[in-house]
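Visitor: My structure is below; once you've seen it, I'll send some questions.
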Amino acid sequence: MDSGATDHIASSLTCYSTYREINPIVVRLPASQQVIAIHSGTVKFIEFLHLVDVLYLPSFNFNLISISS
């Protein structure tokens with residue numbers, strides 16, 4: 001969890017119950033790197049707990065939940 005993050009991020013498509021292609025979004029990573037997200041989707045933890053609009057960033061090494069979103 002990250003209170004400074006502006007988006008939820010997952011690094012593996014296996015985390016997603018559904019995903020879709022989106023208009024490219026520039027995402028700034030903690031080390032001042034910039035990557036482009038071109039997919040977003042829904043990550044389902046359990047039947048009644050899921051996050052929507054989670055960006056897919058395969059080059060990111062962690063899954064990130066933004067607690068400010």
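Visitor: Which of the residues spanning the stretch 3-54 are under 15 Å from residue 67 (Cβ atoms), more than 12 Å from the chain's Cα centre (by Cα) and touching a residue at least 12 places away in the same chain (Cβ under 8 Å)?
Guide: Correct list: 3, 4.
Visitor: Something else now. Looking only at residues that are out of contact with any helix residue (DSSP H, G or I) (no Cβ under 8 Å at 6 or more places or on another chain) and open to solvent by 100 Å² or more (accessible area, probe 1.4 Å) in the stretch 7-32, which one is modelled with the lowest pLDDT?
Guide: 30
Visitor: So for the stretch 40-58 (the condition being part of a loop (DSSP other than H, G, I, E, B) and closer than 17 Å to residue 6 by Cα), does at least one residue qualify?
Guide: Yes - at least one qualifying residue is present in the stretch 40-58.
The values are calculated or read from the model by the stated rules, or taken from the named source; none is laboratory data. Keep in mind that this is a model prediction, so the values were computed, not measured. Here Cβ is always computed from backbone atoms with ideal geometry, including for glycine, and neighbour counts include all displayed protein chains. Protein only, heavy atoms only, side chains kept; ligands, DNA and RNA dropped before computing areas. Shrake-Rupley method; radii C 1.70, N 1.55, O 1.52, S 1.80 Å.
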